[in-house]
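Trainee: First, the structure itself, so that you have it in front of you.
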Amino acid sequence: MMLLRTLRKAMALVALPLSLLTACDSTPRERQAALEKGVNRLDTIANRAGNKINAAAGRAARYDSAARVRNRQPLDPAAEATFTTQLLGTYTDIGALTATTIEPAYKQFLQQVRAQRRTWTQRDWDYATAIYRRLNEQLRAVRLDVKGRDEIHIRALQTEFTALETGRDVKDLGKAVGNKQ
């Protein structure tokens, strides 16, 4: 949006000198000077926009680098167990989930994610994602025995979790790129 506004300003700055090109009461030298002035303004605006884009790209690269470092750090088993208890409640033993209990476990998981997500850090999301992956592994193990309507509901819950997680990533990336560091 900001780039669009910048381009509109640039076009307005160039439009005035271009209108002088058709004026009958100006000399070729005057028209050339006006055109050069407009081109210089446009060039300056383009350079500023390029600098802003380069700065944002640098901040995005730093964010990406920090995310990679964070992802390489192993999750703390005790913290993961605590998160599992918080998010799954009575369904904490993921390996023991059956075809009839897997759908309520996903439901419990998403209810807690919805309730707590606004206060989470990226590391908290890492723990939630690890739990989500374990739930998905257990679903693969019992999938053939899961009722069709339960599986459809589970797929909807999986989609919601992915959307929430991606939304947080986009929000954090937007903050990182928007920060002037």
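The values are calculated or read from the model by the stated rules, or taken from the named source; none is laboratory data. Everything quoted here is computed from the prediction, not taken from an experiment. Here Cβ is always computed from backbone atoms with ideal geometry, including for glycine, and neighbour counts include all displayed protein chains.
Trainee: Hey, among the residues in the range 127-152 that are among the small types (G, A, S) and over 16 Å from A81 (Cβ atoms), which one's surrounded by the most Cβ atoms within 10 Å (Cβ to Cβ)?
Mentor: Among them, the one singled out is A141.
Trainee: Can I ask one more? Does the range 59-67 contain at least one residue that is closer than 19 Å to T121 by Cα, among the aliphatic types (A, V, I, L, M), outside the structural domain of L110 (by TED's automatic domain parsing) and touching a Leu at 6+ places or on another chain (Cβ under 8 Å)?
Mentor: Checking the range 59-67: at least one residue is closer than 19 Å to T121 by Cα, among the aliphatic types (A, V, I, L, M), outside the structural domain of L110 (by TED's automatic domain parsing) and touching a Leu at 6+ places or on another chain (Cβ under 8 Å).
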